[in-house]
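What follows is a single structure, written as structure tokens, with notes after it.
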Amino acid sequence: MLGFFMRRLGDVIPTFFGVTILVFLMIHLIPSDPIQMMAGERGVDPERYAELQKEYGFDQPLVVQYFNYLGGVLQGDLGKSFVTKRPVIEEFATLFPATIELSVMGILFAVIIGLPLGVIAAIYRGKWLDHLTMSVSLTGYSMPIFWWALLLIMFFSTTLGWTPVSGRLSVFYYIEPTTGFMLIDTLMSDEKGAFISALSHLILPTIALGTIPMAVIARMTRSSMLEVLGEEYIRVARAKGLSPMRVIMVHALRNALIPVITVIGLQVGVLFAGAILTETIFSWPGIGKWIVEALNRRDYPTIQGGILMIAFVVMGVNLLVDLMYGVINPRIRYKR
Amino acid sequence: MKANFVKVALGAGLLAATALAAPTAASAKTLVYCSEGSPEGFNPSLYTSGTTFDASSRNVFNRLVEFKRGTTTIIPGLATSWDVSADGLEYTFKLREGVKFHTTKDFTPTRDFNADDVIFTFKRQWDKNHPYHGVSGGSYEYFNSMSMPDLIKDIVKVDDYTVKFVLNRPEAPFIANMAMDFASVLSAEYADKMMEAGTPETVDLNPVGTGPFQMVQYQKDAVIRYKAFPEYWKGKAAIDNLIFAITPDSTVRYQKLKAGECHVMPYPNPADLTAMEADADINLMSQEGLNVGYLGYNTQKEPFTDAKVRKALNMAINKDAIIEGVYQGAGSPAKNPIPPTIWSYNNDIVDDKYDPEAAKAMLAEAGYPDGFKTDIWAMPVQRPYNPNARRMAELIQADWAKVGVDAEIVSYEWGEYLERTKKGEQGTFMLGWTGDNGDPDNFLAVLLGCDAVGSSNRAQWCDEEFNNLIQQAKTTSDVLERTRLYEEAQVVFKREAPWATIAHSVVFEPLRKEVVDYKIDPFGGHIFYGVDLED
């Protein structure tokens, strides 16, 4: 197990260098000059332009710029934002908990709704319940996030008034962030009602973000379950007279879960992509919104740092998923 | 699994039932402003965006002179009066006494505002050897772009309540520059203290000003909280708390306004305006913006070297159709290069009439009876002065086709676009300008002066008569004389037609009915001192 872990960790290193090169090159391929962008209609005189070029290191050849950047990254320094002049790592650390909170809720929503839907569809294969659940999930999968999010806001917030429109907490609560996770911070504070407010602010973004992964998980669970339900050992289990519930939950689902877990791991990447839109619409102060804003302003250090950190997290989660296979199915062994 | 599901379902039900009982501020008056983005920081001299100015200079700080709320008129601020020497080279400001700085968790002021604070504020930006010059990135783009480093010769503390600025040349707009955001006065005592503590950049993150509101908390991308400063020198603000709820999406801002989650929102989506107007809970205010959107001709490139050609093309453009199709009504046709909210706007000028036949005849007269081929450069970005350059280019392309001019639409990425138009690669191009200080010089000299050719004068237009007029106006501080000169300059501009002036945008500010005494700021700011909430 440890050997496997180390080997997988070894795989991460070239991926890491690949990501840094890719991110660095892609940004520098965008045909634009961040200094001109910042100056806008007002322009900047040549002398000041040269000064700024030097300050940001743009006067160096691209290769030198890359190695300077890489050197910084290896020492844990992602540079300073061109816009706010704050260290990128510091801004990332401030905003990341909000994204984690939303993503965890999103994946919980996707699993809690998606798994049972898939199981039900598989059991009632070809019946109306199967068609219904699968068309619901197909609709969810096809719905563009920004549109779905606005529909949710218009219906639940503006028309019914059940949920708040956007943000993480009612502005009338004053919470000093300690962990950065609003649910935890509000629980720890003595502001009455703050926790409920935080929870209610999570409802719509969670649904908006979790819908696509939910649909994918439901469809994956269904097909995986159908495959397993046709296996011999299921027939044996049924012939032994086990209750149908036990057959499905213990014998079928557990074995059907392996591909589903893979999909859940892969959905983490999808979730971060979705977070960019969800966070913008719901004014959610996370890293998705942060990176989009940085892109618009050509804030190179923030874009590079942000994408690199996300790539790191996605790699980490996938490593974790690999390790989980063994927990779920002891037949999988990590051989040398 | 099942149990989990039930729990979640129960939780969700409970939530709906409690219906999000957010506490309403019972006695304290709290105004929530759904702002469009996060500020870059809290020191207005370091940044150039309106979002940052709203969060800092416009509500937290004061300047020596200020703009009267809702106008471009200059009134005393931290200076009670000022004198200009006869040669226009010395500006002496008398400072206001008894002005207090905010007390924050980092800093308790031990003295009132005085000349040291003014000296600190300007020397930091001006003097490259000042200990604070390089702090927080140390780029003072607005100070630089208003040519302050070349303009200022010296800044002298005459006594505790008198400061003198010595200039290298007479420059009448100087006083208007002093009302701009970058000129917001910071506390020298606070700066010294933070330098001692080894954390000088705190000054730019946790602002200490003399303004009506003091910052209490900032959570990046989420919320900024302010409370009214009880010792504000003009008297405490009518509202007790001011909250900026950062909401980048304009549709979501509108939903929040409708749901009562905020009182004021900036930059509404034009498509929502009709619904806002019909909403009984919303008061939709509007005012002409301090900007101009134009199509410029490259006057150093054939055939645009000939004023007749430029004039003819102006007459071929159907402005009304553009206002309708591009601004969706949120714009008014422009006849001058400065907006009507700026003093010296020459209202006697008659705009070029839309007349394709006459345009055709004039083109023939200029030697182009069959028209010619050219290009129209369309900006890739959206601006209030031009919400959709691509669409505008298409409309103009169609208009010009009617008089035989075959124009190709060209676009580049924004940085590239600005760079290339500066060099004069274009035939015709679209751009615009938003005023910085309400002075006509800020439009006429910056965009059309001979000195600006090759930089912000992208029409590359240098007309001796026009340039003499604006140079003269720059060196006299007599406002009546300056008005006369600028009015005349506008006549020359119209005759020579280096641009087709298209439109001034109309700024819309939707607010909830309970907000009273709100005024639209011509500079596009959002100012909450003087605003009240009715029960």
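To the nearest 20 debye, what charge dipole does segment B:441-524 have about its Cα centre, counting +1 at the Cβ of each Lys and Arg and -1 at the Cβ of each Asp and Glu? Intermediate values should be presented prior to the final figure.
Details: 9 positive and 14 negative charges, 61 e Å.
Dipole of segment B:441-524, to the nearest 20 debye: 300 debye.
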Task: GNM result for chain A, Cα springs below 10 Å: residue of A:Ala237, A:Ala194, A:Ala252 fluctuating most strongly - done: A:Ala237
Task: Inter-centroid distance (Cα atoms) of segment B:378-403 relative to segment B:463-499, Å - done: 29
- [ ] Restricting to chain B, compute how many DSSP beta bridges are antiparallel as a %, nearest 5.
- [x] 80
TODO: Rounded, prolate or oblate: pick one for the protein assembly as shown, where a ≥ b ≥ c are the square roots of the eigenvalues of its C-alpha gyration tensor, a/c under 1.5 means rounded, and failing that, prolate if a/b is larger than b/c, else oblate.
DONE: prolate
- [ ] Would you work out if segment B:460-519 is rounded, prolate or oblate? Take a ≥ b ≥ c from the square roots of the eigenvalues of the alpha-carbon gyration tensor; rounded if a/c is under 1.5, else prolate when a/b is larger than b/c, oblate otherwise.
- [x] oblate
- [ ] Starting from segment B:459-527, pick out the trypsin sites (Lys or Arg not before Pro) whose DSSP state is loop and whose Cβ has at most 14 other Cβ atoms within 10 Å.
- [x] B:Lys513
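Return the FRET efficiency for the residue pair B:Ser411, A:Tyr141: r is the Cβ-Cβ distance, R0 is 35 Å, and the value is rounded to the nearest 0.05.
Details: r = 35 Å, r/R0 = 1.00.
For R0 = 35 Å, the calculated efficiency reads 0.50.
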Task: chain B: C-alpha gyration tensor shape, a/c 1.5 cut-off, then a/b vs b/c - done: oblate
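Using the number of other C-beta atoms within 10 angstrom as an exposure proxy, rank A:Arg238, B:Arg253, A:Arg219, A:Arg48 with the fewest first.
Working: A:Arg238 14, B:Arg253 28, A:Arg219 20, A:Arg48 17.
Listed from fewest to most nearby Cβ atoms, that is A:Arg238, A:Arg48, A:Arg219, B:Arg253.
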Open item on the list: As I understand it, the dipole of the protein assembly as shown uses +1 on the Cβ of Lys and Arg and -1 on the Cβ of Asp and Glu, about the Cα centre. Which of B:Ser344, A:Leu160, B:Pro270 lies farthest toward its positive end?
Closed with: A:Leu160
- [ ] Identify which of A:Met214, A:Met324, A:Met182 has the largest mean-square fluctuation in a Gaussian network model of chain A, with springs joining Cα atoms closer than 10 Å.
- [x] A:Met324
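Students often get this wrong, so check it: of B:Lys100/B:Lys236; A:Lys54/B:Lys153; B:Lys68/B:Lys258; A:Lys80/B:Lys123, which have C-alpha atoms separated by over 23 Å?
Working: B:Lys100/B:Lys236 12 Å; A:Lys54/B:Lys153 27 Å; B:Lys68/B:Lys258 31 Å; A:Lys80/B:Lys123 25 Å.
Violating the 23 Å limit, Cα to Cα: A:Lys54/B:Lys153; B:Lys68/B:Lys258; A:Lys80/B:Lys123.
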- [ ] Answer with one residue from A:Thr302, A:Ala256, A:Thr221: the one whose Cα lies farthest towards the positive end of the charge dipole of segment A:198-336, charges on Cβ with Lys, Arg +1 and Asp, Glu -1.
- [x] A:Ala256
Open item on the list: Charges at C-beta only: +1 for Lys and Arg, -1 for Asp and Glu. How large is the resulting dipole of chain B about its Cα centre, in Debye rounded to 20?
Closed with: 1140
- [ ] Let me know the whole percent of all Cα-Cα pairs from segment B:52-125 that are separated by more than 19 Å.
- [x] 47
Open item on the list: With +1 assigned to the C-beta of every Lys and Arg and -1 to the C-beta of every Asp and Glu, and no other charges, what is the dipole magnitude of segment B:384-535 about the Cα centre in debye, to the nearest 20?
Closed with: 420
TODO: Can you figure out the FRET efficiency of B:Asp451 with B:Asp192, using R₀ = 41 Å and their beta-carbon distance, to the nearest 0.05?
DONE: 0.60
TODO: Determine the calculated [θ] at 222 nm for the protein assembly as shown from helices alone, applying -39500 (n - 2.57) to every DSSP H run no shorter than 4 residues and normalising by the residue count; nearest 500 deg cm²/dmol.
DONE: -14500 deg cm²/dmol
Task: C-alpha center-to-center spacing [segment B:33-97, segment B:222-299] in angstrom - done: 20
Open item on the list: Positive end of the dipole of segment B:277-336, charges at C-beta (+1 Lys, Arg; -1 Asp, Glu), about the Cα centre: which of B:Ile317, B:Ala307, B:Gly296 has its Cα farthest in that direction?
Closed with: B:Ala307
Task: Nearest-0.05 FRET efficiency for A:Tyr49 and B:Gln472, computed from C-beta distance (R0 25 Å) - done: 0.20
TODO: Return B:Thr80, A:Thr178, B:Thr48 ranked ascending by Cβ neighbour count within 10 Å, so the fewest neighbours appear first.
DONE: A:Thr178, B:Thr80, B:Thr48
- [ ] Quickly work out the B:Glu357-to-A:Gln75 label distance, labels modelled 7 Å from Cα along the C-beta direction, and quote it in nm with one decimal.
- [x] 7.6
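Any read-out appearing in this document is the output of simple, stated calculations on the displayed coordinates, not a laboratory observation. Bear in mind that the values here come from a model prediction, so they are computed numbers and not experimental data. Here Cβ is always computed from backbone atoms with ideal geometry, including for glycine, and neighbour counts include all displayed protein chains.
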